[in-house]
Amino acid sequence: MKVGILGGTGPQGRGLTRRFAAAGHEVVIGSRAADRAQEVAAEYAAVGAVTGAGNAGAAAADLVVVTVPYEGHADLLRALADELAGKIVVDCVNPLGFDKQGPYVLQVAAGSAAQEAQQILHGSTVVAAFHHVSAVLLDDPTVDRIEGDVLVLGEDREAVQTVCDLATAIPGARGIYAGRLRLAAQVEALTANLIAINRRYKAHAGLQITDLP
């Protein structure tokens, strides 16, 4: 499918671009500055079909992934609500802050970034996913497999399955249904724990769910 990535010039956007394009998906990297998106897209020309555009251009794709920092999350989605209507919107934004003690969770009035997205995007189907996959590993061309699971949350079963299938673009990963959007807050918040783990142990840890086929 054609996948648009809003804020695709950042680390997570770049990593997902690499894996989606390598799996045969057409990827449109979006950015506030279209020329910047085009520059980054050129870096992945050898991987697959990757182009760059403004965020509105990326929002025209079949499925759209949101990877922007939380502080710009709501404003961007409000600006693109019309372009995103009728689409699956995958929100992988983690509302986190950082201080001298490390990462901490930001409180979101809607409950989570994914729920905030669904409140703004009345005409879209929001699915939460890709919160816990290391951007470093995703964008490392020497890493053949990333063993771990992608927790996928949403209200629409078909949309959830579509995103679970998309997760297999990451070699070694599985998409696992993890509940409705009302459970997204703890999934987003768990990213802070993973960052703390990775900083302590100098690792790129992810998650694996046991006792599933």
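For segment 54-112, enumerate the residues that are charged (D, E, K, R), more than 17 Å from the chain's Cα centre (by Cα) and within 22 Å of residue 166 (Cα to Cα).
Scanning segment 54-112 gives a single hit, 83.
You will find that of 24, 4, the residue that is more than 23 Å from residue 70 (Cα to Cα), out of contact with any His (no Cβ under 8 Å at 6 or more places or on another chain) and not charged (D, E, K, R) is 24 and no other. When residue 178 is tested against the conditions (1) over 15 Å from the mean Cα position of the chain (by Cα); (2) crowded, with 18+ Cβ neighbours inside 10 Å; (3) closer than 14 Å to residue 96 by Cβ, the lone failure is (3).
Somewhere in segment 33-52, is a residue of a type in the set (Phe, Trp, Tyr) and farther than 26 Å from residue 188 by Cα?
Within segment 33-52 (the criterion being of a type in the set (Phe, Trp, Tyr) and farther than 26 Å from residue 188 by Cα), the answer is yes, since at least one residue qualifies.
Within segment 61-76, the set of residues being under 10 Å from residue 30 (Cβ atoms) and in a helix (DSSP H, G or I) comprises 76 only. A single entry from 42, 113, 58, 109 fulfils the requirement of being under 26 Å from residue 154 (Cβ atoms) and either surrounded by fewer than 23 Cβ atoms within 10 Å (Cβ to Cβ) or free of Cβ contacts under 8 Å to residues at least 12 places away in the same chain (or both): 109. Is it the case that segment 184-191 has a residue that's free of Cβ contacts under 8 Å to residues at least 24 places away in the same chain and among the small types (Gly, Ala, Ser)? No, because not a single residue in segment 184-191 is free of Cβ contacts under 8 Å to residues at least 24 places away in the same chain and among the small types (Gly, Ala, Ser). More than 14 Å from the chain's Cα centre (by Cα), among the acidic types (Asp, Glu) and either at pLDDT below 95 or at negative phi (or both) - does that describe any residue in segment 141-149? Yes, segment 141-149 contains a residue that is more than 14 Å from the chain's Cα centre (by Cα), among the acidic types (Asp, Glu) and either at pLDDT below 95 or at negative phi (or both). Just one of the numbered conditions (1) touching a residue at least 60 places away in the same chain (Cβ under 8 Å); (2) of a type in the set (Val, Ile, Thr); (3) part of a helix (DSSP H, G or I) is not true of residue 160; which one? Here residue 160 clears every test but (1).
The values are calculated or read from the model by the stated rules, or taken from the named source; none is laboratory data. Quick caveat: nothing in here was measured; it's all calculated off a predicted structure. Cβ coordinates were reconstructed from backbone atoms using ideal geometry, including for glycine residues, and neighbour counts include every protein chain displayed.
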